[in-house]
Amino acid sequence: MSSLIDALAPGAAGTMTLDEFARWTVAVLAPHGFEPGNALALIGVCRDELMFGIESAVSAQWGAAFDISSLAGMVFLGASGMAAAAHHAPGLDGRRRYVIVVMPHIGVAVDGSVGFVLRDGQHHESTACGALVGLQQELATGSRRDEIDHDDLEMSLLRRDVVADVGSGEAPDLVTLTDLVRRLASEEMARLADGLVRDADADVAMFSGVVVHHHDEDRVHVVDAWVALRDDAVRRVLSR
Ligand SMILES: [Zn+2]
């Protein structure tokens, strides 16, 4: 699959509209026994209202989703949150199925500036993802704070996890940081989902990517997609 930097171009090859992505998740999972009505979607995206579009597109296909979202698209629901989701999936045919979507986001302005987007009803572009633009600027200044701030809980958890991964080396640019957060969020979700496959006899599908906001449309760049069935718990790659 192409890199995120390539996926930032308008209409970039390999990217999908939100509806195309949502319909593809249904089509690619059908051979594995998933269908709308027998699976619960778990959506982890940034809290930004710009992400309502992807949440709506996925819910239009799979039904109301369990929300695992945190700032920037990080996954902080932990074992208790996961335990709640584990009891919500349909299971009439004796199998519980989960469709997990983990998607941070990034804006591309009309002039091609990365990290900015023009929102409806505004005259000037604003940052997207605002949390990651802020964190990238912080890291670029050499800051490496990792304490938990109870007045800024999600941001400090995001910062702590990123700092632990980046270390004291070079500060990532925004595109690299966005993909790093996608990977961290997906790894955490996969870790929690492993418990579902092992302990709750579940079939789990994962779609890990980035939503790219252009001024006229959103597109999905899928980086990693797989399904793990309880029978073998091997990750089978889902490709287009
Ligand atoms: Zn955001």
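No value in this document is a laboratory result; all are computed from the given coordinates. Keep in mind the model is a prediction, meaning the values are calculated, not measured.
Structure notes:
- Selected from LEU180, LEU92, LEU42 as most flexible by GNM, with the chain as the system and alpha-carbon contacts under 10 Å: LEU92
- Only helical runs count toward this figure. For the chain, summing -39,500 (n - 2.57) over DSSP H runs of n ≥ 4 and dividing by all residues gives -11500 deg cm²/dmol at 222 nm.
- Length released on extending from ALA27 to ARG183, taking residue separation times 0.36 nm less the Cα-Cα span: 53.7 nm
- Considering only HIS150, HIS32, HIS215, the mean-square fluctuation computed in a Gaussian network model of the chain, springs between alpha carbons under 10 angstrom, is largest for HIS150.
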